[in-house]
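One structure is given below, encoded as structure tokens.
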Number of protein chains: 2
Amino acid sequence: MTDAEAQLIEKAGRKLGPKAVITDPKEIEPWISDWRGRVHGASPAMLAPASTDEVVAIVRLAAEHRVPLVPQGGNTGMAAGATPPADGSAILLSMRRMNRIRSVSAENRLAIAEAGVILATLHEAAHDVGMRFPLTLGARGSCTIGGLTSTNAGGTQVLKFGTMRALVAGIEAVLPDGSVHNGLSGLKKDNRGYSLDQLLIGAEGTLGLVTAVALRLVPAIAARAVAWIGVDSPAKALELLRFLEARTGSIEGFELVPQDSLDLVLRHVPGTRAPLAGAHKWHALVEATTADPASDVAAELESLLAAAMQQGIIGDAVLAANETQAEAFWKLRDAISEAERAEGQTLAHDISVAVADMPAFITEAAAKVEAAFPGVVASGFGHLGDGNIHFHVRAGSHAAPDWYDAEGKKITRLVDDLVTAAGGSISAEHGIGQLKRAEFARLAQPGRIHALRAIKQALDPLGIMNPGKLVP
Amino acid sequence: MTDAEAQLIEKAGRKLGPKAVITDPKEIEPWISDWRGRVHGASPAMLAPASTDEVVAIVRLAAEHRVPLVPQGGNTGMAAGATPPADGSAILLSMRRMNRIRSVSAENRLAIAEAGVILATLHEAAHDVGMRFPLTLGARGSCTIGGLTSTNAGGTQVLKFGTMRALVAGIEAVLPDGSVHNGLSGLKKDNRGYSLDQLLIGAEGTLGLVTAVALRLVPAIAARAVAWIGVDSPAKALELLRFLEARTGSIEGFELVPQDSLDLVLRHVPGTRAPLAGAHKWHALVEATTADPASDVAAELESLLAAAMQQGIIGDAVLAANETQAEAFWKLRDAISEAERAEGQTLAHDISVAVADMPAFITEAAAKVEAAFPGVVASGFGHLGDGNIHFHVRAGSHAAPDWYDAEGKKITRLVDDLVTAAGGSISAEHGIGQLKRAEFARLAQPGRIHALRAIKQALDPLGIMNPGKLVP
């Protein structure tokens, strides 16, 4: 612990009380590594403010003592963006005690939630007033509103409702100079200069600390229909999506699953079974929803799928007969990563290209990677309708135990090169954090890197906001 | 003309040819004042690049000679954001020759338009492929995509589709260092750091020059229904909007018109007539649309309005019987500013508060302004559903000819104070430009001003991008 850190911790304890300053290593330990256990950090203390005023006090101390802060929500990120540096040179800032939902209004279609509110808690609060916060993802029971905002999180309902960027109506944040940016007024139109709200979304805590967020709500779901569909190729899957979107506004989830991934799930995840009898090279999981109790979304989806089958777009399809089956279909999709881990070493890439280009990209990139690294298995699954798939490369059964460390970087470089050549993004929804920083620096347009560095330096000249993250 | 300007003009002429460098004062003259004739600028030349490469060359010359550029599209802005300084110290940059629509795709639901493309031209191009670019406003025949983007323009369809911020899928821009930011790939998900696209939207050309924009398209309208409705108060109008929105997704326009404004239009605009027989204190203009040819949007709106009348929400209503009548209803709304000008001096304020607060704000603010400045007439009209009204104050019949100059600033200060006290914005959709800069400086949170200045200084250290605009 440096002298500066010791002084900050001592002053914070006096100002904020013992609840807000945790120095017991056992209490800190669960939070200093990223949840996948890939990156291990260290911190002499974990500060846990309970209010915006307390965050202001902490930022002022951080500036005074030149000690950087590493903000953290549920610690469920995929890019180690909330993990402190290993040398203990920064202090962990848990936002989890800021967990009040300040307001939920069906009339205004807005909720104001503090940064530490867990996504599932917000879902319930919206549901209680007959509304819905549509963004959801696997970590919903742990991830927080502050983290979701700071990483511009996506998930499975982006197709219809967009990422956090589209769902945030305003942000309250403590800026590096200790001032409070208050954008919570819920104005639908406000053209007073650069949007600090939009700048903070996806900034991974490097420009300020998000303390509360105004979030758009939509009417609650009255009914949903979930279908599992067999198709010949990603191109056919996209054709199906276009076919459906041209005929209904109810499609809100559209996930692509290769047979290979389905096989892994069926092999490793207990209680799973294939929805369709025959074999299909690819599968689409489609969810249609309606907020209108009078609308029969299942009948609509069924008749559209029958038409798609008649036109030769799809091979086979089955509608979930009830909610249990619908959940079982989703489980097949959600368990892919778990099944891959059970099978062996896997390299994950969260990438995007233009939606229209994705079918060709999946097929061609997988072939190139498998040719360049014999024995590996490459496949893409996920959010086809967003042009965002998780392009995973598995070691294959014969790989050496150190395959991940020995080959991983080379394979990732090839994938990232292919994505960049296709005009895509090496980080579609997971962010840059620590893990993608080098690749971002290698592949980004130089003018872009320059602009990002200039903005970071301008707003955080002392470098106290989440050092070593995002900005190369 | 300074030596630096002369050198820049000479070099630009050699590099870009005579078409791109206009020095004839007669050709420049129509563009150096804002369209309302309030602010008069001067410039020794007007540069008119025809490609992104030419814009890069101009930015490099501007940086080399430290001569600022004032970008301009259709010159239809309301805040003099495209008018050069009066001392001739900056060079006008017309983007109007960059007028290519690079692509329109119904399949991708995207168009890529250069900065100088006129909004109406984009509307037609989208229509030609069976799609629609939903943003529209009075200046659609002159305003350009670059200007709309740089001012985060709104208009009358924001209720359903949002402002430019929601409709821009990506931006190509030349940054102050001469590098090109290319965000046109149309990625639906991209989390590679701060969003330069979002930073450039609404930046009024102070951080870089928008050269092309990828824009989201929506399915073309199959049918629309337009209704004129009499209500007792703004609160009843909002109640009607909530009533409709809870029952249909088809409402895309909802404008509030006071009887007082309608009277002015009927008095001063030839060929107009009142849609309803009886007298009503307030009116709502409602537009419902559908992209589904099978949906009878007129019948739906009619039955919803009948139900609203039965519940005592509205006093009377009439549906436009055909497109001609629908256009006539819209004309009553669109001609308010014209009618006010015919009546006498008018002070316009483009303001917003939270939607739920707007009915009370309109009534209370008008009463306060009329009490503080006896003889004036204050009223609000416009986009109630966006929490954005145009709060206009008329001199009244007995005001002195110099009323606007003598009293204007005092009245505007009171209006802006009332808006700020209500947590609202002194610029909802028109931007800050030159005209609102002093009030913005007076009323903004100090931390916000500091952040805006820091960003401006970081990205444009030489101050060559639209000097004297937006940033106080």
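Is it true that B:Val218 is more than 25 Å from A:Ser427 (Cβ to Cβ) and within 11 Å of chain A (Cβ to nearest Cβ)? Yes; evaluated as a whole, the condition is true for this residue. The residue that is farthest from A:Gly81 (Cα to Cα), counting only those in the range A:1-33 that are outside any loop (DSSP other than H, G, I, E, B) and among the small types (Gly, Ala, Ser), is A:Gly13.
Here is a yes/no grid of residues against (1) in contact with a helix residue (DSSP H, G or I) (Cβ under 6 Å, 6 or more places away or on another chain); (2) surrounded by fewer than 14 Cβ atoms within 10 Å (Cβ to Cβ):
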| residue | (1), (2) |
| --- | --- |
| B:Leu264 | yes, no |
| B:Leu285 | yes, no |
| B:Thr290 | yes, no |
| B:Leu305 | no, no |
| B:Gln311 | no, yes |
| B:Gly315 | no, no |
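Of all residues in the range B:439-458, those satisfying the criterion of being open to solvent by less than 40 Å² (accessible area, probe 1.4 Å), more than 7 Å from chain A (Cβ to nearest Cβ) and of a type in the set (D, E, K, R) are B:Glu439, B:Lys456. Are any of the residues in the range A:90-102 touching a Gly at 6+ places or on another chain (Cβ under 8 Å) and within 23 Å of A:Arg341 (Cβ to Cβ)? No, that holds for no residue.
Conditions (1) at pLDDT below 95; (2) under 15 Å from A:Glu204 (Cβ atoms), marked per residue:
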residue	(1), (2)
A:Gly385	yes, no
A:Gly424	no, no
A:Arg442	no, no
A:Lys456	no, yes
A:Pro461	no, no
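Is it the case that A:Ile229 is surrounded by 23 or more Cβ atoms within 10 Å (Cβ to Cβ), more than 9 Å from chain B (Cβ to nearest Cβ) and closer than 20 Å to A:Phe329 by Cα? Here the answer is yes, as A:Ile229 does meet what is asked.
Within the set B:Leu266, B:Leu285, B:Leu256, B:Leu262, the sole residue that is touching a Ser or Thr at 6+ places or on another chain (Cβ under 7 Å), of a type in the set (A, V, I, L, M, F, W, C) and outside any loop (DSSP other than H, G, I, E, B) turns out to be B:Leu266. With respect to (1) within 21 Å of the chain's Cα centre (by Cα); (2) under 24 Å from B:Leu175 (Cβ atoms), the lone exception for B:Thr121 is condition (2). Name, by its number, the condition in (1) part of a loop (DSSP other than H, G, I, E, B); (2) out of contact with any Lys or Arg (no Cβ under 9 Å at 6 or more places or on another chain); (3) touching a residue at least 24 places away in the same chain (Cβ under 8 Å); (4) of a type outside the set (Gly, Ala, Ser) that does not hold for B:Ile313. So B:Ile313 meets the others, but not (2). Among residues of the range A:18-45 that are polar (S, T, N, Q), those with a Cβ under 8 angstrom from a residue that is open to solvent by 70 Å² or more (accessible area, probe 1.4 Å), sequence gap 6+ or separate chain, pair up as A:Ser33/A:His40. Scanning the range B:441-472 for residues that are closer than 19 Å to B:Gly424 by Cβ and assigned to a helix (DSSP H, G or I) returns B:Ala441, B:Arg442, B:Leu443, B:Pro446, B:Gly447, B:Arg448, B:Ile449, B:Leu452. Would you be able to say whether some residue in the range A:55-63 is within 19 Å of A:Pro30 (Cβ to Cβ) and modelled with pLDDT of 95 or more? Checking the range A:55-63: not a single residue is within 19 Å of A:Pro30 (Cβ to Cβ) and modelled with pLDDT of 95 or more.
Against the conditions (1) more than 7 Å from every other protein chain (Cβ to nearest Cβ); (2) open to solvent by 10 Å² or more (accessible area, probe 1.4 Å); (3) out of contact with any helix residue (DSSP H, G or I) (no Cβ under 7 Å at 6 or more places or on another chain); (4) closer than 20 Å to A:Ser195 by Cα, B:Asp190 satisfies every one except (1). Against the numbered list (1) surrounded by 21 or more Cβ atoms within 10 Å (Cβ to Cβ); (2) under 25 Å from B:Ser33 (Cα atoms); (3) at pLDDT below 95, B:Ser379 comes up short only at (2). Checking the range B:342-353 against the condition returns a match, with at least one residue being farther than 23 Å from B:Lys436 by Cα, of a type in the set (Asp, Glu) and either open to solvent by less than 60 Å² (accessible area, probe 1.4 Å) or at pLDDT below 95 (or both). Taken over the range A:197-206, the residue count meeting the criterion of being surrounded by 24 or more Cβ atoms within 10 Å (Cβ to Cβ), facing chain B (nearest Cβ under 7 Å) and of a type in the set (A, V, I, L, M, F, W, C) is 1.
Rundown of residues vs (1) within 16 Å of B:Leu304 (Cβ to Cβ); (2) free of Cβ contacts under 8 Å to residues at least 60 places away in the same chain; (3) within 19 Å of the chain's Cα centre (by Cα), yes/no style:
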site: B:Val210; (1), (2), (3): no, no, yes
site: B:Asp232; (1), (2), (3): no, no, no
site: B:Ala235; (1), (2), (3): no, no, no
site: B:Leu240; (1), (2), (3): yes, no, no
site: B:Ala246; (1), (2), (3): yes, yes, no
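Being hydroxyl-bearing (Ser, Thr, Tyr), modelled with pLDDT of 95 or more, open to solvent by 10 Å² or more (accessible area, probe 1.4 Å) and over 19 Å from A:Ala356 (Cβ atoms) holds for only one residue in A:Thr412, A:Thr420, and it is A:Thr412. Taking the criterion of being outside any loop (DSSP other than H, G, I, E, B) and touching a residue at least 60 places away in the same chain (Cβ under 8 Å), would at least one residue in the range B:419-428 satisfy it? Scanning the range B:419-428 turns up at least one residue that is outside any loop (DSSP other than H, G, I, E, B) and touching a residue at least 60 places away in the same chain (Cβ under 8 Å). Looking at the range B:74-180, the strands (runs of 3 or more DSSP E) lying wholly inside it that each contain 1 or more residues that are in contact with a strand residue (DSSP E or B) (Cβ under 7 Å, 6 or more places away or on another chain), open to solvent by 30 Å² or more (accessible area, probe 1.4 Å) and within 14 Å of chain A (Cβ to nearest Cβ) sit at B:101-105, B:110-114. For the range A:72-83, the count of residues that are farther than 22 Å from A:Glu204 by Cβ and out of contact with any Cys (no Cβ under 8 Å at 6 or more places or on another chain) is zero. Determine which member of the set B:Ala42, B:Ala48 is of a type in the set (A, V, I, L, M) and either open to solvent by less than 10 Å² (accessible area, probe 1.4 Å) or within 21 Å of B:Ala212 (Cβ to Cβ) (or both). After ruling out the rest, the residue left standing is B:Ala48.
One line per residue, one yes/no per condition, for (1) among the small types (Gly, Ala, Ser); (2) within 20 Å of the chain's Cα centre (by Cα); (3) within 12 Å of chain B (Cβ to nearest Cβ):
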| site | (1), (2), (3) |
| --- | --- |
| A:Ile389 | no, yes, yes |
| A:His392 | no, yes, no |
| A:Ala395 | yes, no, no |
| A:Val419 | no, yes, yes |
| A:Gln434 | no, yes, no |
| A:Leu462 | no, no, no |
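The values are calculated or read from the model by the stated rules, or taken from the named source; none is laboratory data. Fair warning: this is a prediction, and the values are worked out from it, not measured in the lab. Here Cβ is always computed from backbone atoms with ideal geometry, including for glycine, and neighbour counts include all displayed protein chains. The accessibility values were calculated without ligands, DNA or RNA, using every heavy atom of the protein model including side chains. Shrake-Rupley method; radii C 1.70, N 1.55, O 1.52, S 1.80 Å.
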